[in-house]
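S.K.: Okay, handing you the structure first.
The values are calculated or read from the model by the stated rules, or taken from the named source; none is laboratory data. The structure displayed is predicted, hence computed values, not measured ones. A quick note on method: Cβ atoms are made from the backbone with ideal geometry, for glycine too, and the neighbour counts reach across all protein chains shown. These accessible areas exclude ligands, DNA and RNA; they are computed on the full protein's heavy atoms, side chains included. Shrake-Rupley method; radii C 1.70, N 1.55, O 1.52, S 1.80 Å.
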Amino acid sequence: MGLTWKKEHIDIVLVPTGLLIMFCYHLFLLHRHLRLPHTTTMGHDNHYRGAWIEKMMQVESKDRSQALTVINSNISAAFNLASISLVLSSLIGAWIGSSSETTFTSQLIYGNTSQSVIAIKHISLLICFIVAFASFVQSARCYVHSIFLITMPNADIPITYIQQAVVSASNFWSVGMRALYFATPLLMWVFGPVPMFASSLVTVVVLYNLDWNSTPLLAFQPAGERPEILKKIGQEMTAVGRAIGQEMTAVGRAFEHHGRP
C-alpha cells in the first residue's frame, strides 16, 4: 500500500530545503571571506576600518574626538538593534505561552498545523533573535574596548590591537545581522512552508548581490612609512636651505669685494 500524500508532508520537504539553501550559501560566503576577503563586502569594509584606525592613530590623542564620535554612533546602533532583538524575543516567548490552534492556522495555512510544529516555529525564531541580541551586545563591547585603547594617554599601544577590536566588533555586527536574515524565512514559516521556501530563495538572491565586492581595495600607505617620508623631506629641505644660504653668502662677499676702493 503506497504512502498517501498529505499537506503536512510539505513541511518535511520545503522547510529543510530552504534552510539547507541558507546554510550552504553562508558556508560558501564564510569560505570566500577567509580565503579571498577582498571579494566580499565584509572583507572590503574591514580593510577600510583597519586603514581608518591606522590614520586616526596618527593624530594626537587630544584631537581624536572625531574617531570617538564615529565609534559612539556604532555603539548606539548596536544597542538599539540588541534592544529590538530582546523585545522580539520577549514577544515570541509570550506568543509561545499563549499560542493555540485557530481558524487561521488550521484552515488557511497549507502545511502542518500541529501544536508541535507551531512550537518549533516559535522556538526557531526565538533562537535567531537571542543570537542576534548576544551578537549586537558583543559588538558594542568590542567598540567600547577600542575607545579605551584609543583614548589611553602616554601609551605606546600597537595599532593592531585597536584594529583587532574594531574588526571584531564589525564581525559580531555581521553575525547579528545574519541571525536577523535567518529569522526572515522562519517568520514566513508561520504562514506556511511555501512562503518560507520562497523567502529563503529571495533572501539568498538579495544577499548574494549585497555580499560580493568587485571594487579593488585602495592601498593605503602604512603608518610606519610616513615618518620616514617626512624625515626624507626634512633632510631635502635642509639641504636646499643650506645651498641657498651658501649662495647668499657668496653673493654678499662678491658685493663686499666690488664695493672696496
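S.K.: Any residue at all in the range 38-56 that's over 18 Å from the mean Cα position of the chain (by Cα) and open to solvent by 50 Å² or more (accessible area, probe 1.4 Å)?
M.R.: Yes, that holds for at least one residue.
S.K.: Restricting attention to the range 156-166, report how many residues are open to solvent by 40 Å² or more (accessible area, probe 1.4 Å), of a type outside the set (S, T, N, Q) and within 13 Å of residue 53 (Cα to Cα).
M.R.: The number of residues fulfilling the criteria is 3.
S.K.: I've got another one for you. Hand me the list of helices (runs of 4 or more DSSP H) wholly inside the range 1-98 holding 2 or more residues that are in contact with a helix residue (DSSP H, G or I) (Cβ under 7 Å, 6 or more places away or on another chain), at pLDDT below 85 and among the hydrophobic types (A, V, I, L, M, F, W, C).
M.R.: On the way: elements: 10-35, 41-56, 65-98.
Answer list for the range 1-98: 65-98.
S.K.: Check off (1) surrounded by 12 or more Cβ atoms within 10 Å (Cβ to Cβ); (2) under 18 Å from the mean Cα position of the chain (by Cα) for residue 18 and give me the number that stays unchecked.
M.R.: (2)
S.K.: Still on this structure, please answer the following. Please identify the pairs in which a residue from the range 7-31 that is of a type in the set (D, E, K, R) has its Cβ atom under 8 Å from the Cβ atom of a residue that is open to solvent by 70 Å² or more (accessible area, probe 1.4 Å), counting only partners at least 6 apart or on another chain.
M.R.: From the range 7-31, the pairs are 7/110.
S.K.: If residue 165 satisfies all but one of (1) touching a His at 6+ places or on another chain (Cβ under 7 Å); (2) over 19 Å from residue 47 (Cα atoms), what's the number of the condition it fails?
M.R.: (2)
S.K.: Go through (1) in contact (Cβ under 8 Å) with a residue 24 or more places away in the chain; (2) more than 15 Å from the chain's Cα centre (by Cα) and name the single condition residue 205 misses.
M.R.: (1)
S.K.: Here is a list: 201, 149, 210. Which entry is assigned to a helix (DSSP H, G or I) and crowded, with 16+ Cβ neighbours inside 10 Å? Let's see the steps before the verdict.
M.R.: On the way: 201 fails: crowded, with 16+ Cβ neighbours inside 10 Å; 210 fails: crowded, with 16+ Cβ neighbours inside 10 Å.
Sole residue among the options that is assigned to a helix (DSSP H, G or I) and crowded, with 16+ Cβ neighbours inside 10 Å: 149.
S.K.: Please name all residue pairs, on different chains or six or more residues apart, with Cβ atoms under 9 Å, provided the first residue is in the range 114-130 and is farther than 18 Å from residue 88 by Cβ and the second residue is open to solvent by 20 Å² or more (accessible area, probe 1.4 Å).
M.R.: 114/8; 114/101; 115/99; 115/100; 115/101; 117/8
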